[in-house]
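Below: one structure, written as structure tokens.
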Amino acid sequence: MGAKEEIITLEQALDLERDDSVALYKRHVNPGLCTLLGIIGFDRRFVEAHGMTVRDDHGREYLDFLGGYGALNFGHNHPEIVEAVRRVESMPNILQASIGCLVGPLGASLAAILPGEVRRSFFCSSGAEAVEGALKLARIATGRTDLVYAEGSFHGKSFGALSVTGRAKYQTPFEPLVPGCHMVPYGDIEALEAALAARECAAFIIEPIQGEGGIVVPPDGYLSAAAAACRATGTLLIVDEIQTGLGRTGAVFASEHEDVAPDIVATAKSLGGGVMPAGAFSATAEVWDKGFGGTEKCTLHTSTFGGNARAMAAGLKSIEILMRDDLSSAAREKGERLMAGLERIASGSGLIKEVRGRGLMIGVEFYEPRVAKKLSAEYLAASVAGLLLQDHGVITAYTLNNPNVIRLEPPLIVTDAQIDHLLDAFEQVVSKHHGFLGVMAGLGRTMVSRRR
Ligand SMILES: Cc1ncc(COP(=O)(O)O)c(C=O)c1O
């Protein structure tokens with residue numbers, strides 16, 4: 001047996017050299033992830049972040065166009081949200097013995113902005129946890145078991161959420177998953193109607209725009225037709241707004257683009273303002289009461305950290321800022337500028353297949369070149385992201401279910417000048433390095449010069 005590790009104080013941890021903290025991560029956390037990030041040049045030590053900007057330990061500044069996969073709609077460390085958490089620092093943060101005084105107010109704020117008649121919320125700490133609760137509520141409220149989900153979807157990696165996440169890579173190693181889950185193609189209303197026809201499904205869960213699937217916008221009218229199909233068959237409609245919510249797509253919630261009134265909505269990511277982990281599933285009073293109404297059923301679903309005072313304070317301040325600063329309109333306007341610039345670049349580049357998205361949720365899909373097909377599918381977008389980071393100080397990433405797509409999801413406070421910087425950088429990367437092999441070689445060259 002090797003010698004037991006010694007505990008490390010926070011002060012010691014903050015003072016560690018980068019190589020030492022990476023070595024500890026490799027030994028005690030996830031060595032494979034460390035290697036993967038190293039290959040694409042993302043193994044840096046970022047030490048400070050404000051708004052759109054992140055700084056590394058060499059003092060270099062980067063613009064964050066990844067935005068925490070949609071968790072940073074307000075930017076890094078928004079001062080008002082940080083201050084909101086400070087304001088409650090002497091309150092009991094976790095005290096199950098009574099009802100936290102900020103939980104009801106955040107429930108009310110969410111009810112004020114959520115689509116349709118969704119009024120009651122359960123608070124938790126992550127997206128997957130919000131989806132778990134939504135699925136359980138659908139089963140108990142309908143007395144049915146089956147669940148329908150879309151191909152390419154991403155709803156999280158806990159068992160229930162994974163069971164409705166449409167990517168074999170994540171599902172297969174953990175089978176058998178939750179039984180009774182059926183996959184339909186995204187955007188195909190006939191397939192959905194056929195799946196629901198037997199009136200045996202508890203719920204259909206859908207992202208109004210697929211995030212990890214590669215930023216996929218469904219055909220016009222699909223969401224409202226899906227809502228009608230659910231209503232006609234007694235199936236509950238769960239809309240997963242975890243990535244699309246809180247202004248990201250140019251509306252407060254993406255369901256609004258088609259005036260859809262869901263039965264259950266899942267939120268997370270930016271609900272905690274990028275400062276605290278927070279998630280929620282919210283339902284109409286009718287659905288909620290069927291599921292968890294009355295003293296017998298009110299504790300069927302619980303969470304130790306759900307409703308903690310600091311997360312609630314962050315949530316309240318985030319919603320206040322979202323509405324006060326009209327960040328959804330900002331997302332719409334900035335998104336148009338970004339989209340127009342990317343389309344212009346795409347039209348002159350043989351590498352880019354499509355630019356798509358809505359508001360500030362934009363994906364750029366690359367062609368799969370014939371050479372090195374397997375490799376390119378996994379690494380072309382990652383290599384472009386690597387070059388954007390190393391040569392231009394811009395943080396981006398590929399989408400989990402479709403690694404051939406680069407996602408652009410900057411904080412909604414991004415400025416026109418920052419968008420223009422990204423466009424300039426993007427144009428240089430895709431025009432300077434010709435073809436897939438050119439991009440890979442370009443990344444290789446900058447990696448080597450960085451290590452020297
Ligand atoms: C649409 C959607 N649902 C659920 C999740 C899972 O959220 P979390 O990673 O907080 O569990 C994600 C995460 O990317 C997501 O994009």
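The values are calculated or read from the model by the stated rules, or taken from the named source; none is laboratory data. Note that this is a predicted model, so its numbers are computed, not measured. Quick reminder, even Gly has a Cβ in these numbers, built from the backbone with ideal geometry, and neighbours come from all protein chains shown.
Do we find that residue 215 is surrounded by fewer than 24 Cβ atoms within 10 Å (Cβ to Cβ) and in contact (Cβ under 8 Å) with a residue 40 or more places away in the chain in this structure? No. The number of residues in the stretch 239-261 being within 11 Å of the ligand (Cβ to nearest atom) and aliphatic (A, V, I, L, M) comes to 3. Taking (1) under 15 Å from residue 120 (Cα atoms); (2) aromatic (Phe, Trp, Tyr); (3) surrounded by 24 or more Cβ atoms within 10 Å (Cβ to Cβ) in turn, residue 288 satisfies each apart from (3). When each of 166, 221 is tested for being at positive phi, assigned by TED's automatic domain parsing to the domain that holds residue 267 and modelled with pLDDT of 95 or more, the lone residue that passes is 221.
Can you confirm whether the stretch 215-232 contains a residue that is within 22 Å of residue 125 (Cα to Cα), within 13 Å of the ligand (Cβ to nearest atom) and not hydroxyl-bearing (Ser, Thr, Tyr)? For the stretch 215-232, residues within 22 Å of residue 125 (Cα to Cα), within 13 Å of the ligand (Cβ to nearest atom) and not hydroxyl-bearing (Ser, Thr, Tyr): absent.
For the stretch 262-301, the candidate set comprises residues that are free of Cβ contacts under 8 Å to residues at least 40 places away in the same chain and either touching a Pro at 6+ places or on another chain (Cβ under 6 Å) or in a loop (DSSP other than H, G, I, E, B) (or both); within that set, the residue that is farthest from the ligand (Cβ to nearest atom) is 293.
Please find, among 139, 144, the residue that is outside the structural domain of residue 402 (by TED's automatic domain parsing), more than 16 Å from the ligand (Cβ to nearest atom), part of a loop (DSSP other than H, G, I, E, B) and modelled with pLDDT of 95 or more. Walk me through it before giving the result.
On the way: 139 fails: part of a loop (DSSP other than H, G, I, E, B).
Only one candidate qualifies: 144.
None of 134, 97 is at pLDDT 95 or above and either away from the ligand (no atom under 16 Å from the Cβ) or under 30 Å from residue 289 (Cα atoms) (or both) except 134. Consider residue 62 carefully, then state whether it is part of a helix (DSSP H, G or I) and under 21 Å from residue 274 (Cα atoms). For residue 62, the condition - part of a helix (DSSP H, G or I) and under 21 Å from residue 274 (Cα atoms) - is not met.
This table checks each residue for (1) in contact (Cβ under 8 Å) with a residue 12 or more places away in the chain; (2) surrounded by fewer than 19 Cβ atoms within 10 Å (Cβ to Cβ).
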| residue | (1), (2) |
| --- | --- |
| 149 | yes, no |
| 160 | yes, no |
| 165 | yes, no |
| 194 | no, yes |
| 221 | yes, yes |
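Going residue by residue through the stretch 167-181, is there one that turns out to be surrounded by 21 or more Cβ atoms within 10 Å (Cβ to Cβ), within 30 Å of residue 273 (Cα to Cα) and not β-branched (Val, Ile, Thr)? No - not one qualifying residue is present in the stretch 167-181. Mind checking which residues of the stretch 184-214 are within 16 Å of the ligand (Cβ to nearest atom), assigned to a strand (DSSP E or B) and aliphatic (A, V, I, L, M)? Matches in the stretch 184-214: 203, 205, 206. Scanning the stretch 147-159 for residues that are within 7 Å of the ligand (Cβ to nearest atom) and in a strand (DSSP E or B) yields nothing.
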